[in-house]
Amino acid sequence: MSTMPRQRKKGNSKTKKVSSKEQPGLRVLTQKRYLNDIFQFCADNHDGWMVLIVDKKATKALSSAVGMYDIMERRVTLVEDIERKRAPFTDQGAIYLLAPTEDSVNRLISDWEGNILYGKSVFIFFLGRLSEKYIEKIKACRPLVQRIKCLMEANVDFLAKESRAFHFDMRKAFQDVYLRKSRTKAELRMADKLISVCSTLNEYPHIRFANESPSATTLARQLDIKLNQFLKNPEFWFHGDANNPDRERATLLILDRKDDCLTPLMHDFFYQAMVNDVLNVNNDKITLAKKIWRESR
């Protein structure tokens, strides 16, 4: 089982400062991960046409960053839902893009028990980290193992909504974190998804959080453990390491729901800000017409 970070950059003796305009956004980086590291990789390792099989979570993640036309250019003829009954295409290869869940793994295995649906080339990509017990289940399916060309964790377990915004699509996160006594399971899922974001951005961030928040503390500690484990991957590089000093390491700020995230980003609550917004200020001076002055009096 292998993970999929972006390719390691070679160090340069001359350090070049990169401006923010030259740095691609998260959505662009996610598109490259899908198109180059997944679909182009499959096209380079399979001569014929291919069918893409996805589950619901993978469909949302993929559609948030990539269009159907981009996929078809990499010799993908059809996109099918793994939960539905499908016609066989034994002359075509299969690309599976799935969430790392028990249901998706079971459906993957059932495709290769009994009637074979696809050809001799199978490429399997999971959105995030796949547990060892699911890997063992896949290994036990001999017809599938004989056809696997690659089995990778793509690390794209999030929705790339905008260049600087992402979403985890965790609809029950509020009740999992705040209404249940045991919060560890939900925060473990969040940490795994944050690993995907950090991998895509090639960041090993400094983690900042409030000690008085139990949920933020648990998430920060779990993320720190998982990041240190992910650093063992020899192909992973991050901004701010010895070979890539183009900019400093990022900072990840974890806020609780009780923290006010909006007010610091809003306009100043002072008369000075209001005056500059409403009136024509020129060299710190305001000129009022006589009519306005009389009405104001």
Residue-averaged [θ]222 nm for the chain, counting only DSSP H segments that reach four residues, each worth -39500 (n - 2.57): -9500 deg cm²/dmol
Highest average packing first - 252-264, 68-80, 120-132, 212-224, Cβ atoms within 10 Å: 120-132, 212-224, 68-80, 252-264
Burial ranking of peptide ranges 268-281, 84-97 (average Cβ count within 10 Å, highest at the top): 84-97, 268-281
Calculated diffusion of region 90-234, Stokes-Einstein form, Kirkwood radius summed over Cα pairs, 20 °C and 1.002 mPa s, µm²/s: 125 µm²/s
Stretch gain in nm, segment Lys137-Asp246, where the contour uses 0.36 nm per residue and the Cα spacing is subtracted: 35.0 nm
Net lengthening on full extension, Asp103/Asn45 (0.36 nm per residue, minus Cα-Cα): 18.1 nm
Estimated distance in nm for a label pair at Thr59 and Lys285, the labels positioned 7 Å out from Cα along Cα-to-Cβ: 6.6 nm
Computed label-point distance, nm, for sites Thr263 and Ile116 using a 7 Å Cα→Cβ extension: 6.5 nm
Arg208-Asp70 pseudo-label distance in nm [points 7 Å out on the Cα-to-Cβ vector]: 3.2 nm
Rounded FRET efficiency, nearest 0.05, which uses the C-beta distance separating Asn233 from Thr90 and R0 of 41 Å: 0.70
Rounded accessible area per residue of region 167-263, 1.4 Å, Å²: 58 Å²
Region 81-158 - Rg and Dmax from Cα coordinates, angstrom: 11.8, 34
Kirkwood Rh (inverse of mean 1/r, distinct Cα pairs), the chain, angstrom: 22.3 Å
Rounded to 5, the percent of DSSP beta bridges in the chain classed as antiparallel: 15 percent
Per residue solvent-accessible surface (Å²) - region 35-155, probe of 1.4 Å: 48 Å²
Carbon/sulfur fraction of accessible area - the chain, other protein chains in place, 1.4 Å, %: 51 percent
Vicinal HN-Hα couplings computed from phi for region 85-98 (Karplus, 6.51 cos²θ - 1.76 cosθ + 1.60; Hz; Gly/Pro x): 6, 10, 7, x, 10, 6, 9, 10, x, 10, 10, 9, 10, 9
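The values are calculated or read from the model by the stated rules, or taken from the named source; none is laboratory data. Quick caveat: nothing in here was measured; it's all calculated off a predicted structure. Ideal geometry is used to build each Cβ from the backbone, glycine not excepted, and the neighbour counts take in all protein chains shown. Ligands, DNA and RNA are excluded from the accessible area calculation, which covers all protein heavy atoms including side chains. Shrake-Rupley method; radii C 1.70, N 1.55, O 1.52, S 1.80 Å.
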